[in-house]
Amino acid sequence: MDIPYTVEIRRDTGLNNGKIGIWLFLASEVMLFGALFASYILIRTGAPSWPRGDTILNVPLATLNTMVLISSSVTMVMAWASLKRHRFGTFRIYMGATILLGFAFLVVKYFEYSHKFEIGLFPSTNNFLAIYFTLTGLHMLHVMGGMAVNAYFWGPGAKLWKTNPEWFTNRVEHSGLFWHFVDLVWIFLFPTLYLL
Amino acid sequence: MQASTTTDHAADIDKHVRVYILVFVTLMVLTVVTVAISRLHLPVATAVTIALVVAGIKGSLVAGYFMHLISEKKVIYAVLLVTVAFFVALLALPVLTVHDGFWIR
C-alpha cells in the first residue's frame, strides 16, 4: 500500500504529510536546544565569574565554520531549486557540495576539540567548557545526522527521482529544512559561546 | 486532490535563486559584523543585546527564505507559535529564578 499524502496536499493542513512531520520534529528540536540554552543562562548567571569565550576558544576557526555552514545552507537550497527546475545533474553537484561542506565543518571542529584536549581542557575542567562541549557536541551530532540523510539522497535514495520526482523533491526539501535548522542553531551558538 | 507545489513555474524558481544569493551575501556580511562588534569589548549587557539582535536577524533570514517560512501555510505558523511560547517560557524560568521572581520562589 502506498504511503498517503507524500505528494498530494491534504485538505485539512494544506500540506503534504512529510512537511508537517518535519516541522513537528523541528519544534521538538527547538525545545531540546532551548533546554540547553536555558541551562547555559542559569549556569552563567549563577556563576561568580564567567570567562569571555574568545579567551578560551578559537574565534577565527569558529568564524570559518560559521561561513562554511551558511554556505552549505545555500548549496542545500540550490539543490532543491535544481530539482524544481528538473536539473538532476545540478542537484547532484549542489547536494555533493552540501555534504562536503558539512564534512569541512566536522574537520574544523575536530581540530578545535583535539587542541582543547591537548592542552588539558575537558568538559570536566569547568562549567564553561562543560556547556561548550555539550552544546557543540550535540550540534555536531545533528550535522552528522543531516549529512547521513543528505548522502542517502545523493546516492541510493536518488533512485526515487526516476519513478516519482515530485516525492523525491519533497524529501529533499524536508531534509533541507533540517539542515537549515542546524545552521540556525549554530548562528546562535557562535556568538553565545565564542564571542560573549 | 490538489497538485503539489513542485509544479512551481521555472521563472519563480529563478527569482527565488536570486533571493537566496542575496540572503547568502547578507549572512556573510552579518557574520563579519558580529565578530567585529565583539572586538570592541563593549559592556556585557550591551554586547549580549547586540550579538543576539544580529543573530536574530541572521536566524530570521535563514528561517524566512531558506526554510520558506515567509510563505508557509497557517498550520506551520500555528505549530511554531506554540513552540515559541514554550521556548520563551523555558528561557524565562531560569531568569525569573535568578532575579527572585515574585511567583517563583
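Quick note: the coordinates plus some simple rules give every number you see, no bench work behind them. This is a predicted model, so every value here is computed, not measured. Backbone-built Cβ (ideal geometry, glycine too); neighbour counts: all protein chains shown.
Observations on the model:
- Shown here: segment A:17-195, whose C-alpha atoms stretch 60, 31, 21 Å along the first, second and third principal axes, sorted largest to smallest.
- Kirkwood analysis of the Cα pair distances in segment B:1-71 returns a hydrodynamic radius of 14.3 Å.
- With 31 Å as the limit on Cα-Cα distance, the pairs of A:LYS19/A:LYS162; A:LYS84/B:LYS74; A:LYS109/A:LYS159 that go past it are A:LYS109/A:LYS159.
- Shielding of A:185-191 by partner chains, average beta-carbon count, 10 Å: 6
- Per residue of peptide B:34-43, the mean number of Cβ atoms on other chains within 10 Å of the residue Cβ is 3.
- Remark: C-alpha extents of the protein assembly as shown on the principal axes read 61, 45, 35 Å, sorted largest to smallest.
- A:ILE9 long-range amide H proximity, modeled H, under 5 Å: B:GLN2
- For segment A:57-139, projected area of the alpha-carbon convex hull averaged over all directions, nm²: 5.7 nm²
- Inter-chain Cβ neighbour count for A:69-76, averaged per residue, equals 5 (cutoff 10 Å, partner chain atoms only).
- Residue order, fewest to most surrounding Cβ atoms within 10 angstrom, among A:THR134, B:THR83: A:THR134, B:THR83
- Highest to lowest packing among A:20-26, A:66-72, scored as the average C-beta count within 10 Å: A:66-72, A:20-26
- Chain A - percent relative contact order, Cα under 8 Å, separation 6 or more: 31 percent
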